[in-house]
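Just so it is clear, none of the values below were taken in a lab; they were calculated from the coordinates. Treat the numbers as computed from the prediction; the structure is a model and nothing was measured.
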Amino acid sequence: MALVAEPIQSHRCSRGEMSRNSRVIVLIDDDRQWAKAALELLREQGYEVQWAADGAEGLALLEETTPFLVILDVQLPRIGGIEVLRQLRSQSRQIPVLMVSGEDRAGIVSQAQAEGANSFLRKPISGDILLHAVERLTRNVSISSDEVES
């Protein structure tokens, strides 16, 4: 199943509406078509998904929410995904982070993991692979670097 759909509207809740134990995922990705498809897929599985289209908006959303997982694109407008991850980790927030990217730059996986990413998937990502990664990370089981999908 390919993750393809129409553009989306973001949806936010206040910090008081969510807890770390809820099924809230923050998705930070500027590819609206991919984000829409991922949102629909994850919502069908019972997750509440909050979406931000760039790194600055993503950091603002993370200040308002306490998700149990962040899905974070590497290439983002305004503030890149690696910098968002650095800031998240510098605040000692140990929320699992699944990095995603269509970028095929050498070393991007190891850079993301060195900054604290729990897993990394290369786009395009099938729905089954995305769900598998989300399920593993939300069970507090990190996907090792040798399980990186390409």
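Quick notes on this structure:
- Residues whose amide H comes within less than 5 Å of that of Gln50, counting only those at least five positions distant or on another chain, are Ile25, Val26, Leu27 (H built at 1.01 Å from N in the peptide plane).
- Summarising the amide proton neighbourhood of Leu72: residues at separation of 5 or more, or on other chains, whose placed amide H is nearer than 5 Å comprise Ile28, Leu98, Met99, Val100.
- Under 5 Å from the amide H of Ile79 lie the amide H atoms of Gly55, Ala56, each residue being 5 or more positions distant or on a separate chain, with H modelled from the backbone and absent for Pro and chain starts.
- Calculated from backbone phi, Karplus (6.51, -1.76, 1.60) coupling profile of the stretch 61-66 in Hz, x at Gly/Pro: 5, 5, 6, 8, 10, 10
- Solvent-free Debye scattering, log10 I(q)/I(0), computed from the Cα coordinates of the stretch 15-140 at q = 0.18, 0.20 Å⁻¹: -0.91, -1.16
- Scalar couplings 3J(HN,Hα) for the stretch 36-41, obtained by applying the Karplus form with A = 6.51, B = -1.76, C = 1.60 to θ = phi - 60°, are 4, 5, 5, 4, 4, 4 Hz; x denotes Gly and Pro.
- Here the Karplus relation 6.51 cos²θ - 1.76 cosθ + 1.60, evaluated at θ = phi - 60°, turns the backbone of the stretch 73-88 into coupling constants of 6, 6, 8, 10, x, 6, 10, x, x, 5, 5, 4, 4, 4, 5, 4 Hz, with x for every Gly and Pro.
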